[in-house]
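Scroll down for the structure; my scribbles are underneath it.
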Amino acid sequence: MSPSKASPRYLFFGGKGGVGKTTCAVAAAKKAAASGRRVLIVSTDPAHSLGDALETRLSARLTKVKTKRGSLYAVELDADKALERWIAKRKRTLQAIAEHGTYLDADDIEKLLRLSLPGVDEIVGLVELRRLASVAKCDEVIVDTAPTGHTLRLLTMPETLRRFAGVFDDMQAKDRFLRQSLGGRLQPDASDELIEEIDSEGRELTEILTDPELAAFTWVMLPEMVVLEETKDAIAALAAQRITIGEIVVNRVAQKPKQPCAACRRRIAGQRIAIRAIGAAFPKVAIRVEPEFLDEGPPLKKPIPKLVSSAAAPLEVLARADADC
Ligand SMILES: Nc1ncnc2c1ncn2[C@@H]1O[C@H](COP(=O)(O)OP(=O)(O)OP(=O)(O)O)[C@@H](O)[C@H]1O
Ligand SMILES: [Mg+2]
Ligand SMILES: [Zn+2]
């Protein structure tokens, strides 16, 4: 199956802790559902807050969220459980591969899967995401990710899978050689099939993640100069993995105060410098400004804001806010 034919579109929301990833992801999911689509929103952050933002109790299974149009399903991914399930289903075959291997015993394979990677939760994250998307039969998958480091690891997972397949394949080589010499023609056995499954999962995930039609990343950040350097690093890391940055959301931009106020004026001026610097640092990425909501609650309670498609427009918003402060 070629992923481009059957795959839904994946939209990841990433950024530092507390900047508004969940808020923006929820707003995007509701907007997509309101346009009639079948949407799945998944939190891959082990510290889930998606249920709170949706005001719905969520679990690792699909929960339907009420919408006026379209349909919206939500999941708080439990990576440990997903990995356990993945291993349990393939336990026999994994053990067989281990037995065929010359340098690992049956127990080691589980240790290998569990321990020798940076974080267990990232390993199956994307595999589980894809499985859920297929169960929900959705057109669009919105991913509310964990803070930066975790997410960057999550996205290297397809390569990790392929490395696993490579290690397993080495372990199988001797057995395959024996089968070939004994039986003449080589029939793939369950182990070969599992290795192929892991390898093609990795390959297809890479294809999806690097296809701008199928996957894009929205980077959420605050209008502060101090975060610009680390944002550059994170976006460079995504670009190095050939993942498309669809948009940068500059969240919590100060609105015009009701009364003239020197403090607000300084704050707005500072934010304006930061937004200009963000625009200059990422000239090819659309920058969208989301105002800071004060008493009214977060943006998801308000009408979904329009997308601003160029870096120049946000400055107008700020200029207006600045005018009579
Ligand atoms: N534009 C905004 N104006 C005012 N408050 C906002 C805005 N965006 C987000 N918030 C508030 O900021 C807090 C953090 O937002 P949110 O949970 O979306 O961030 P996050 O990046 O997902 O955080 P975490 O890294 O902890 O998952 C929430 O209380 C949310 O309501
Ligand atoms: Mg969050
Ligand atoms: Zn003020």
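The values are calculated or read from the model by the stated rules, or taken from the named source; none is laboratory data. For clarity, every value in this text was computed on a predicted model and none was experimentally measured. Cβ placement follows ideal geometry from the backbone for every residue including glycine, while neighbour counts extend to all protein chains displayed.
Is it the case, given these coordinates, that Val220 is of a type in the set (A, V, I, L, M) and surrounded by fewer than 18 Cβ atoms within 10 Å (Cβ to Cβ)?
The answer is no for Val220.
For Thr67, are the conditions met, namely being β-branched (Val, Ile, Thr), within 16 Å of ligand 1 (Cβ to nearest atom), assigned by TED's automatic domain parsing to the domain that holds Leu132 and over 18 Å from the mean Cα position of the chain (by Cα)?
Against the criterion (β-branched (Val, Ile, Thr), within 16 Å of ligand 1 (Cβ to nearest atom), assigned by TED's automatic domain parsing to the domain that holds Leu132 and over 18 Å from the mean Cα position of the chain (by Cα)), Thr67 does not qualify.
Checking Arg203 against (1) of a type outside the set (Val, Ile, Thr); (2) touching a helix residue (DSSP H, G or I) at 6+ places or on another chain (Cβ under 7 Å); (3) within 30 Å of Gln271 (Cβ to Cβ), which single condition isn't satisfied?
Going through the list (1) of a type outside the set (Val, Ile, Thr); (2) touching a helix residue (DSSP H, G or I) at 6+ places or on another chain (Cβ under 7 Å); (3) within 30 Å of Gln271 (Cβ to Cβ), Arg203 breaks only (3).
Within region 236-254, how many residues turn out to be touching a helix residue (DSSP H, G or I) at 6+ places or on another chain (Cβ under 7 Å), under 20 Å from Pro291 (Cα atoms) and among the small types (Gly, Ala, Ser)?
Of the residues in region 236-254, 1 are touching a helix residue (DSSP H, G or I) at 6+ places or on another chain (Cβ under 7 Å), under 20 Å from Pro291 (Cα atoms) and among the small types (Gly, Ala, Ser).
Which one is nearest to ligand 3 (Cβ to nearest atom), of the residues in region 11-32 that are more than 17 Å from Ala216 (Cβ to Cβ) and under 14 Å from the mean Cα position of the chain (by Cα)?
Ranking the qualifying residues of region 11-32, first place goes to Lys16.
Here is a list: Val167, Val135. Which entry is of a type in the set (A, V, I, L, M) and either assigned by TED's automatic domain parsing to the domain that holds Ser43 or within 16 Å of ligand 1 (Cβ to nearest atom) (or both)?
Val135
For region 257-296, what are the residues that are within 16 Å of ligand 3 (Cβ to nearest atom), in a helix (DSSP H, G or I) and closer than 21 Å to Ala27 by Cβ?
Residue satisfying the conditions is Gln271 alone.
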